[in-house]
Structure formats: C-alpha cells, structure tokens
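Written out below as structure tokens is the structure these notes cover.
The values are calculated or read from the model by the stated rules, or taken from the named source; none is laboratory data. No experiment lies behind these values; they were computed from the predicted model shown. Here Cβ is always computed from backbone atoms with ideal geometry, including for glycine, and neighbour counts include all displayed protein chains. Just so you know, the surface numbers come from the protein's heavy atoms only, side chains and all, with ligands and any DNA or RNA stripped out. Shrake-Rupley method; radii C 1.70, N 1.55, O 1.52, S 1.80 Å.
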Amino acid sequence: MSKMINKMNRAKTTVFLALRNLTRQKRRSFMLALAIGFGFFVVTAIDGLASGAVDCLEDQISQLNGGNVFIQGVEHLRDEDGNLDKKYNAVIRDADFIENLINENHIEHEYYSQRTSSAGTIIFNNKKIIGNISGCDFSKEDYLLNSLIIIDGKLENVFKPHALIISQKNAEALNLQIGDTVLYSTTTISNQKNVGEFTVQLIIKDPSLISSLMIYAPIDEINELVGIPKGGYTNFSIGLKDKSRQNLIAQALEDEIRKSGNSVTSRLEAYKASPTNPTGQFRKQLNNMLVDGTLYTAFSMNDAVPQLKTVVTVVHSVTTSILLVILLIVMVGISNTYRMILYERIREIGTMRAVGMTGKQSGNMFTTEAVILSLIGAVAGFILATIVMFLVSRFSIQNESLSFFLRNGHLTYLISPGSMIGKYVLMIILTILAVRNTAKNAASLSPANALRSSK
C-alpha cells in the first residue's frame with residue numbers, strides 16, 4: 001500500500017513540475033502547442049465536414065426509400081410447362097409477417113413502412129415525365145408526413161382517394177397545380193399495361209436532387225393498379241434509432257426469416273462473392289434460388305450503397321495521413337526543442353537528483369511535459385475546429401450541385417469519437433518517441449556531473 005502511495009505522490013510531483021516548466025518559457029510552449037493545434041484544427045474540420053456531407057447523403061437516400069434496413073420479397077413466375085422461371089415479380093403478400101418479426105425481436109426503431117414501389121410515366125396536358133411512385137399508407141407514416149416541407153396544398157388532403165404528393169421540380173416540369181388530375185401509366189406484376197388517375201393534393205419542396213424524385217400515392221390504389229393484392233407491398237423499410245447497427249439488424253432479420261421456414265437470400269454469400277457489390281449478388285441469388293412462394297431479401301443501406309461506407313473510410317484515412325505528416329514535422333521540432341531544453345536545465349536536474357529525484361523521474365518529467373503540451377494543443381485545435389464547423393453550418397447554401405450533401409440547405413458536420421481517439425493516441429505515441437532520447441539522456445545524467453556543468 002505504501003509503495004502505491006509513493007508512486008502516486010511521485011506521479012503528482014512529476015505532473016506538477018511538468019506544468020511549472022511549461023510556464024517558464026511561455027512563448028516557446030505556445031508556438032509548439034500552436035503547431036499541434038493547427039494540425040488538429042485542419043484534420044478535425046476536414047474529417048467532420050466530409051463525414052457530415054456523407055451522412056446527409058445517406059439520410060436523403062434513407063428518406064427516399066423509407067429507412068436504412070430493407071426487406072424485399074419476390075415470387076418467381078412459371079413458364080409454359082409450369083416450371084419455375086428465373087423471372088420474378090416483387091411482391092410480399094403476408095402483410096404482418098415482417099412487422100411481427102420486428103416486434104417479437106424487440107428491434108429498436110424510429111419508424112417503419114410498408115410501401116409498393118411502381119415505375120411508370122406521369123402524363124398531364126401532353127407533357128410527361130418518367131417517375132417512380134411509392135405507394136404508402138399515410139395513416140401509418142407519421143415520420144414521412146412530418147418530414148415533408150409543403151409548398152402548396154393541405155396535409156389533411158393526402159387522405160383523400162387518389163391523392164398524389166409530388167415534388168416541386170416534377171410539378172414545375174408538368175406545370176401542375178393543386179387539384180390537377182394526372183394519368184399514371186405503369187406495368188402490372190403480370191406484365192400488362194395499366195393506367196390510373198391521381199389528383200395532386202400536395203406539392204413539396206425538394207431541397208436536393210434526390211428528394212426531387214419523391215412522389216407518393218395511397219398504397220391500396222397503387223396495389224390495385226399494379227395487381228398486388230390488398231394488404232400486400234413490395235418493400236418493408238425500417239428507420240433505426242442507431243443506424244450504425246443496420247448491418248447487424250439486417251443479418252438478424254435474415255436469420256429470423258430463415259428460422260421461420262421461409263426462403264431468404266444470404267448476405268454472407270453475397271459478401272463472399274463480391275464485398276464491393278453485394279446487391280448485384282442478391283440479384284444473382286434471386287435468379288438462381290427457384291422456390292415456391294415468397295423469396296425474401298434482407299439488406300441494409302450499407303449493402304445497397306457500399307460506396308458510402310467506403311467514402312467515410314477514405315476520409316478518415318486521408319485525414320489521419322494529413323495529421324501524421326503534420327505531426328511528424330512538429331515532432332521534429334519538439335525533439336530538437338527538448339534537446340535544447342535538456343541542455344538548459346542540466347544544473348537544475350543535477351540539483352533535483354541530489355535531493356532525491358531518481359533518474360527515471362527525471363526522464364518522465366520531460367516526457368510528461370511534452371505530452372501535456374501536445375494534449376493542450378490538440379484540445380485547442382479540436383475546440384476551434386468545432387466552433388468553425390458550427391459557424392459554417394449556420395450559412396445557407398443555394399447550390400443545386402451541392403444539394404446531395406446539404407441538410408435543408410446547410411452544411412453539417414459529424415465528429416467520430418473513435419476516429420478522434422485514434423488520432424489522439426497517435427499524437428501521444430509520436431510525442432513520446434520525439435522526446436525519448438531526451439528523456440533517456442536526462443535519466444542517465446550523473447548528479448555530480450550535472451552540478452559541475454557550466455549551464
């Protein structure tokens with residue numbers, strides 16, 4: 001116990017002396033801390049803004065598709081001989097199956113949706129656009145309705161029969177106004193042409209090019225139009241509270257579907273075959289797994305757009321490399337500075353050694369001083385970068401080419417705790433290495449020789 005107390009007292013003394021020494025040459029300490037702080041400022045700002053931009057893009061894609069974990073179902077067609085064909089239609093007939101799996105397994109989520117996705121042509125007064133209408137149950141999609149920025153129309157009107165919600169850009173392309181009736185031409189799951197009428201009840205703002213694709217209509221009417229039975233759908237989407245768990249949730253749902261006795265594709269096999277394009281492998285599995293009934297696929301946003309995760313990884317790697325270069329330059333300065341500091345403090349070290357300080361303590365004092373200096377600079381750089389990013393995020397940006405990476409017209413930033421901790425650890429290791437020789441020399445000094453020094 002006494003040994004532990006002595007160690008703690010020596011550690012406190014070492015930290016106290018290190019802090020005192022930093023204040024003796026304030027200008028020199030400030031310049032070293034400033035160099036380290038500048039490095040952390042640049043890296044934190046680049047990392048945070050780039051990560052925020054990617055996060056905005058992911059959120060926009062998630063909003064367009066109704067979540068970040070998806071379950072889709074297909075049914076294989078039969079050829080003229082009654083055999084299963086590789087061709088298939090997207091349809092899930094069991095309305096409650098996936099919903100029950102989520103509730104039974106207590107999957108934490110913000111929202112989920114059952115949608116029927118339909119591709120076709122919207123026609124009005126001899127004008128037409130290619131569109132993808134999402135059939136939604138508006139009575140269950142509070143998250144969707146609350147996220148809409150209304151340009152024209154009344155929200156309560158979306159519950160009227162044949163209601164259509166369309167983005168501002170699409171409305172302008174067709175010269176649509178509230179109350180106009182459009183024709184929608186699409187193909188049924190039995191590969192027949194069909195046409196329906198919808199009335200524009202809501203025109204919504206599209207702050208990005210992705211959100212300009214948003215067109216919604218009642219799911220029952222879209223199902224009737226494409227030949228899906230009432231209560232069926234093509235996509236089940238889940239918006240998780242913690243989107244970092246999307247891969248785990250997608251795998252868990254796949255396992256639960258398999259346990260229930262239903263057929264499902266394999267994420268593991270898809271990633272084994274092509275880690276960079278798992279969705280392409282899902283399509284191959286759908287072609288090759290000829291089964292009766294519904295064949296399910298469970299996948300995450302990371303599976304659908306793996307490039308997003310790659311971009312984040314690249315951003316972290318690039319910023320870490322930038323920080324490493326900056327720190328290596330700074331560490332050369334720290335190494336040279338502490339060699340000079342040792343030379344200046346030889347007699348002082350001799351005095352402290354003469355009154356009982358060990359050689360190890362002498363060396364630790366220099367190491368502790370350098371680490372504290374580096375931490376002060378890094379923390380200052382981090383705080384300054386956070387302030388700058390916050391201020392930048394307040395400015396509105398009206399640039400359509402950047403809209404993919406903006407949230408409501410503003411840049412956002414995202415700070416990864418893991419990435420920042422890694423950079424701090426890297427800095428501490430490099431700092432210790434930079435002053436290692438100085439610390440060893442201080443530890444090996446003979447008190448008598450140090451006191452005889454002219455310095």
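If you go through segment 157-182 and keep only what is over 13 Å from P218 (Cα atoms) and either of a type in the set (A, V, I, L, M, F, W, C) or open to solvent by less than 70 Å² (accessible area, probe 1.4 Å) (or both), you end up with S167, Q168, N170, A171, A173, L174, L176, I178, G179, D180, T181, V182. Note on segment 58-71: residues that are surrounded by fewer than 20 Cβ atoms within 10 Å (Cβ to Cβ), among the aliphatic types (A, V, I, L, M) and in contact with a Ser or Thr (Cβ under 9 Å, 6 or more places away or on another chain) amount to 1.
In summary, T116 fulfils each of the numbered conditions (1) closer than 14 Å to T234 by Cα; (2) at pLDDT below 90; (3) among the polar types (S, T, N, Q) with the single exception of condition (2).
Every condition in (1) more than 22 Å from L77 (Cβ to Cβ); (2) part of a helix (DSSP H, G or I) is met by G280 except one, and the failing one is (1). For R258, the conditions (1) more than 16 Å from D96 (Cβ to Cβ); (2) touching a residue at least 12 places away in the same chain (Cβ under 8 Å); (3) not β-branched (V, I, T) are fulfilled apart from (2). Quick check on G179: is it more than 20 Å from G120 (Cβ to Cβ), in contact with a strand residue (DSSP E or B) (Cβ under 7 Å, 6 or more places away or on another chain) and without any contact (Cβ under 8 Å) to a residue 24 or more places away in the chain? In short, yes. Here S185 meets the list (1) under 28 Å from D59 (Cβ atoms); (2) open to solvent by 20 Å² or more (accessible area, probe 1.4 Å); (3) modelled with pLDDT of 90 or more; (4) among the hydroxyl-bearing types (S, T, Y) almost entirely, failing just condition (1). Do the conditions hold for F38, that is, is it among the aromatic types (F, W, Y), in a helix (DSSP H, G or I) and touching a Gly at 6+ places or on another chain (Cβ under 8 Å)? Against the criterion (among the aromatic types (F, W, Y), in a helix (DSSP H, G or I) and touching a Gly at 6+ places or on another chain (Cβ under 8 Å)), F38 qualifies.
Here T368 meets the list (1) free of Cβ contacts under 8 Å to residues at least 60 places away in the same chain; (2) assigned to a helix (DSSP H, G or I); (3) open to solvent by 10 Å² or more (accessible area, probe 1.4 Å) almost entirely, failing just condition (1).
Please find, within segment 188-227, the residue that is modelled with the lowest pLDDT out of those that are surrounded by fewer than 16 Cβ atoms within 10 Å (Cβ to Cβ) and of a type in the set (V, I, T). Filtering first and then ranking leaves T188. In the set N449, N437, N441, only one residue is modelled with pLDDT under 75, polar (S, T, N, Q) and over 19 Å from I322 (Cα atoms); that residue is N449. Give the residues of segment 17-51 that are in contact (Cβ under 8 Å) with a residue 60 or more places away in the chain, under 36 Å from the mean Cα position of the chain (by Cα) and surrounded by fewer than 16 Cβ atoms within 10 Å (Cβ to Cβ), sorted by residue number. Result: L34, single match. Between a first residue in segment 231-252 that is closer than 11 Å to R115 by Cα and at pLDDT 90 or above and a second residue that is surrounded by fewer than 16 Cβ atoms within 10 Å (Cβ to Cβ) and charged (D, E, K, R), which pairs have beta carbons less than 8 Å apart while being 6 or more apart in sequence or on different chains? Filtered contacts from segment 231-252: G232/R93; F236/E99. Residues in segment 283-297 that are touching a residue at least 12 places away in the same chain (Cβ under 8 Å) and part of a helix (DSSP H, G or I) were compared, and the one that is most open to solvent (accessible area, probe 1.4 Å) is N288. Considering only segment 82-90, I want to know if a residue exists there that is open to solvent by less than 40 Å² (accessible area, probe 1.4 Å) and touching a residue at least 12 places away in the same chain (Cβ under 8 Å). The answer is yes; a qualifying residue exists.
Quickly run through segment 101-132 and pick out the residues that are of a type in the set (D, E) and within 15 Å of G67 (Cβ to Cβ).
Our first condition is that a residue be of a type in the set (D, E); within segment 101-132, this holds for 104, 108, 110.
Residues satisfying the conditions are E108, E110.
Does segment 298-337 hold any residues that are open to solvent by less than 10 Å² (accessible area, probe 1.4 Å) and modelled with pLDDT under 80, and which are they? Answer for segment 298-337, where residues must be open to solvent by less than 10 Å² (accessible area, probe 1.4 Å) and modelled with pLDDT under 80: T319, L323, L327.
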